[in-house]
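These notes are about the structure you will find just below.
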Amino acid sequence: MVHSRSQGGRKLRVAGIRTAWRVVGDGEFYCPGCGGDRCYQQLAGRRRLAVLGVPLLSRGAADPVAECASCRDHFPVAALAQPTTVRLAALLRDAVHAIALALLAAGGDESGPALETAVDTVRGAGFPDCSEDQLLTLLAALKAGGPAEPEQELRACLTPLAPHLAGPGRENLLLEGARIALTNGHYSDAERDMLSVIGGSLGLAPEETDRLLTAAMPT
Ligand SMILES: [Zn+2]
C-alpha cells in the first residue's frame, strides 16, 4: 500500500499490490491449517499494482499456492508432498505387508509358526482377508525375482514412507518384523540382517535398531 485516504469514514486503499489467482490443478491433500484430508485447488498468481482497485502495472508472478477448500487458507505447494491420512494408512499397510514377506523370506521357515504370526500381523495391519496361501504365493513370486528381491522390495516400500513417520511409528514397523522373526524365540543371522535393512530404510540409526531388537527379545 502506498498511501490511503479516508472516505466516508472508511479507509480506502488507493494503491496496493493485488494478486489475481487462477486455478491450475486440484486434488486432495492433508491441510496443515485445519488438520485433515481436504480438497485443494492449486493456484498460480500474477501480481499487479492496483490503483483505486484497478490493476495497472504487472509486478510479476506470485509463488504458486494450494488453497484448502475447507479453511480457504493458502499454503506453499510443498504442503502437497505430505500424504493424506488415507494415503498414509495405505502406505503403512503396504509396509507391514512387505516387512512380513521379507521376514518370511529371510526365515526360510515357510510352514511353521512364523507364517501364522506373519498372517496375523498382515491381517492386523489392514488386510483382514490375508491367508497363509496368499502369503506363500507372494513369497514364491518374490523369491523367483532373485535373492536380492525381498530386500529391494522392502527398501522401495519403506524409504518413501520414512520421512512421514515420527519415531514411534518407525519403531513400531521394525518391531512388527521382530515379532515375526521371534516366533521361534530368537533371530537367525538372515532375519537379523533383514531387520537391519528395515531399520536402515526407516532412517533408524544402526545402534537404535540394535537396541530395539535386543529389547524385543524374550527374557
Ligand atoms: Zn484447511
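The values are calculated or read from the model by the stated rules, or taken from the named source; none is laboratory data. Keep in mind it's a predicted model, so treat the numbers as computed, not measured. Cβ placement follows ideal geometry from the backbone for every residue including glycine, while neighbour counts extend to all protein chains displayed. The area values use the complete protein model at the heavy-atom level, side chains included, leaving out ligands, DNA and RNA. Shrake-Rupley method; radii C 1.70, N 1.55, O 1.52, S 1.80 Å.
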Residues being surrounded by fewer than 20 Cβ atoms within 10 Å (Cβ to Cβ) and without any contact (Cβ under 8 Å) to a residue 60 or more places away in the chain - total across the stretch 92-104: 1
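Under the condition of being among the hydrophobic types (A, V, I, L, M, F, W, C), surrounded by 15 or more Cβ atoms within 10 Å (Cβ to Cβ) and farther than 16 Å from VAL86 by Cβ, which residue from the stretch 23-48 is farthest from the ligand (Cβ to nearest atom)? Can you show your working first?
From the stretch 23-48, those among the hydrophobic types (A, V, I, L, M, F, W, C) are 23-24, 29, 31, 34, 39, 43-44; that's our starting set.
Still in the running and surrounded by 15 or more Cβ atoms within 10 Å (Cβ to Cβ): 29, 31, 43-44.
If we keep only those that are farther than 16 Å from VAL86 by Cβ too, we end up with 43-44.
Numbers: LEU43: 14, ALA44: 20 Å.
Among them, the one singled out is ALA44.
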Pair list, Cβ under 6 Å, 6 or more apart: the stretch 34-47 residue without any contact (Cβ under 8 Å) to a residue 24 or more places away in the chain, other residue away from the ligand (no atom under 12 Å from the Cβ) and in a strand (DSSP E or B): ALA44/ARG22; ALA44/VAL24; ALA44/PRO64
Residue list for the stretch 39-72, filter: of a type in the set (S, T, N, Q) and part of a strand (DSSP E or B): GLN41, GLN42, SER58
Condition met for PRO83 (in contact (Cβ under 8 Å) with a residue 60 or more places away in the chain and within 20 Å of GLY203 (Cα to Cα)): yes
Check on HIS74, within 28 Å of the chain's Cα centre (by Cα) and under 30 Å from CYS34 (Cβ atoms): yes
Selected residue [surrounded by fewer than 18 Cβ atoms within 10 Å (Cβ to Cβ), among the hydrophobic types (A, V, I, L, M, F, W, C) and more than 20 Å from the chain's Cα centre (by Cα)] from VAL51, VAL65, VAL86: VAL51
Among residues of the stretch 124-148, those that are surrounded by 14 or more Cβ atoms within 10 Å (Cβ to Cβ) and within 21 Å of GLU191 (Cβ to Cβ), counted: 8
Count of residues meeting criterion [in contact (Cβ under 8 Å) with a residue 40 or more places away in the chain and not in a helix (DSSP H, G or I)] in the stretch 105-164: 7
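Can we say LEU158 is within 26 Å of GLN82 (Cα to Cα), in contact with a Leu (Cβ under 8 Å, 6 or more places away or on another chain) and in the same structural domain as THR121 (by TED's automatic domain parsing)?
Details: within 26 Å of GLN82 (Cα to Cα): yes; in contact with a Leu (Cβ under 8 Å, 6 or more places away or on another chain): yes; in the same structural domain as THR121 (by TED's automatic domain parsing): yes.
Against the criterion (within 26 Å of GLN82 (Cα to Cα), in contact with a Leu (Cβ under 8 Å, 6 or more places away or on another chain) and in the same structural domain as THR121 (by TED's automatic domain parsing)), LEU158 qualifies.
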Subset of the stretch 165-185 [without any contact (Cβ under 8 Å) to a residue 60 or more places away in the chain and open to solvent by 50 Å² or more (accessible area, probe 1.4 Å)]: ALA166, PRO168, ARG170, GLU171, ASN172
Neighbours by Cβ (under 9 Å, 6+ apart or cross-chain): first from the stretch 61-72, within 12 Å of ARG22 (Cβ to Cβ) and more than 8 Å from the ligand (Cβ to nearest atom); second modelled with pLDDT of 95 or more and of a type in the set (Ser, Thr, Tyr): GLU67/TYR40
Complete set of residues in the stretch 198-215 that are more than 22 Å from the chain's Cα centre (by Cα) and surrounded by 17 or more Cβ atoms within 10 Å (Cβ to Cβ): LEU212, LEU213
